[in-house]
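First comes the structure, then the notes that go with it.
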Amino acid sequence: MKLFLSIIVISLLGLSSTVFALTHTECEAAWKSSSAYQSCYPAWGAKAIGNKCGIYVHCKKPDGSEVANGTYNPHYDQKGNEIIGSDYSLFYTVEELKKLNNCNGKLKVGSC
């Protein structure tokens, strides 16, 4: 019985990053630990969406121009005042987000 329970606990711990939803704080922390964070700024930042982080940022190229990475579509309340939801087009796991680099203005997981 102990062995059975141990296997279940180990299995749940291994699945935690894919089963349990992330928080905004986890996505922001992963983004801030990436190399890309130094030369990209959040147009709308990173947002937890299920088990991935949605992101929309602008990254600087060596010539000083900027490249938009991803898209962001806000959904406003009935009065049009407050954003009540949003759609992002770029999604990364926390581990991928930590490995992002700015490669001539474009985000890339891993080295350029």
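The values are calculated or read from the model by the stated rules, or taken from the named source; none is laboratory data. Keep in mind that this is a model prediction, so the values were computed, not measured. Methodologically, a virtual Cβ is constructed for each residue, glycine included, from the backbone with ideal geometry; neighbour enumeration extends over all protein chains shown. Calculation scope for accessible area: heavy atoms of the full protein, side chains included, ligands and nucleic acids excluded. Shrake-Rupley method; radii C 1.70, N 1.55, O 1.52, S 1.80 Å.
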Ala21: net charge of surrounding residues, Cβ under 14 Å, Lys/Arg +1, Asp/Glu -1, itself excluded? +1
Table column - 3J(HN,Hα) (Hz), the stretch 104-111, Karplus curve with 6.51, -1.76, 1.60, x for Gly and Pro: 6, x, 9, 6, 9, 6, x, 6
Measure off, as a whole percent, the carbon and sulfur share of the 1.4 Å-probe accessible area of the stretch 49-112, all protein chains present. 48 percent
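Taking 25 Å as R0, compute the FRET efficiency from the Cβ-Cβ separation of Asp63 and Ser35 and round it to 0.05. If you can, show how the numbers build up before the last one.
On the way: r = 19 Å, r/R0 = 0.77.
With a Förster radius of 25 Å, E is 0.85.
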